[in-house]
Amino acid sequence: MAKGMREIKRQIKSTQSTKQITRAMEMVAAANLKRAEQAAQSARPYAEKMKEVIASIAAGTKGVKHPMLQSREIKKTGYLVITSDRGLAGGYNANVLRKVMNVIKEKHRSTDEYSIFVVGRKGRDFFKKRNIPIVQEVTGLPDKPAFSDIKNIANAAVNNFENGSYDELYLVYNEYKNAISQIPVMKRLLPLEEVSGGTVSSYEYEPSPEGVLEALLPRYAETLIYSAVLDGKASEFGARMTAMNNATKNATKMISTYTLQYNRARQAAITQEISEIVAGANAQA
């Protein structure tokens with residue numbers, strides 16, 4: 001009985017230590033979430049204004065042609081998958097990776113039909129374990145990533161579309177809604193058909209509308225990638241905060257259960273000792 005009580009007491013202490021860790025991680029994630037949420041929201045107006053300018057140029061310039069605006073026969077597809085470097089974030093990574101793998105299994109028969117770009121150590125390890133070739137990867141992003149941190153992979157993803165390495169490019173990431181809701185989405189980034197058909201605004205361009213469009217389109221696509229990375233970061237911290245909150249609650253319940261078991265075992269031990277004393281006294285009488 002004493003051995004059982006010692007084991008229960010050890011479990012209580014272990015669970016209390018785990019609870020302290022999960023509670024601290026929840027607080028860190030909450031602090032990071034606020035900054036990441038602000039960064040994600042701040043990036044959206046810039047992308048929207050750039051889209052407005054591009055749509056205006058496309059609408060006001062007859063016969064405008066650019067590889068990033070032209071649909072072509074789909075022979076190969078590119079995927080840019082955004083995950084995290086660390087786990088302990090609930091289904092954050094699993095949901096995104098499951099989504100992209102379901103699409104790959106449905107649309108492609110071999111690795112020759114698609115290319116993978118990946119942000120985050122979890123995604124990289126996932127694809128490598130399944131022998132899926134990765135064109136380019138980025139790991140070790142800071143909690144508040146700058147555009148320079150993902151510039152190379154964004155530039156490579158856009159350039160590979162322009163030079164014909166694949167015929168469409170999809171972004172796969174967790175779209176941030178709120179602290180408890182992150183939705184895995186797959187959005188077609190290239191070709192940029194959605195920017196055409198805008199209203200004509202009174203802009204003056206130097207040297208020409210076509211020249212400005214040539215410079216803006218790649219930058220716009222890279223901006224959308226960066227915006228998705230910021231959304232992914234906010235989603236990661238939201239998912240981690242929720243996961244650690246649930247872990248803390250579960251630890252509290254386990255401590256209560258163990259404490260009840262310990263008290264019952266202790267009561268049983270006391271009762272047994274009393275019974276033995278009474279029995280010994282009766283035997284001597």
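Determine if segment 66-89 includes at least one residue that is under 20 Å from VAL229 (Cα atoms), of a type in the set (D, E, K, R) and free of Cβ contacts under 8 Å to residues at least 12 places away in the same chain.
Checking segment 66-89: not a single residue is under 20 Å from VAL229 (Cα atoms), of a type in the set (D, E, K, R) and free of Cβ contacts under 8 Å to residues at least 12 places away in the same chain.
Name, by its number, the condition in (1) surrounded by fewer than 19 Cβ atoms within 10 Å (Cβ to Cβ); (2) small (Gly, Ala, Ser); (3) in a helix (DSSP H, G or I) that does not hold for ALA40.
Only one criterion in (1) surrounded by fewer than 19 Cβ atoms within 10 Å (Cβ to Cβ); (2) small (Gly, Ala, Ser); (3) in a helix (DSSP H, G or I) is unmet by ALA40, namely (1).
Please verify whether segment 151-174 includes one or more residues that are out of contact with any Ser or Thr (no Cβ under 9 Å at 6 or more places or on another chain), part of a helix (DSSP H, G or I), surrounded by fewer than 14 Cβ atoms within 10 Å (Cβ to Cβ) and without any contact (Cβ under 8 Å) to a residue 12 or more places away in the chain.
No, there is no match, as no residue in segment 151-174 is out of contact with any Ser or Thr (no Cβ under 9 Å at 6 or more places or on another chain), part of a helix (DSSP H, G or I), surrounded by fewer than 14 Cβ atoms within 10 Å (Cβ to Cβ) and without any contact (Cβ under 8 Å) to a residue 12 or more places away in the chain.
Bear in mind that the values in this text are calculations on the coordinates, not laboratory data. The structure presented is a predicted model; accordingly, all values stated were derived computationally and were not measured. A quick note on method: Cβ atoms are made from the backbone with ideal geometry, for glycine too, and the neighbour counts reach across all protein chains shown.
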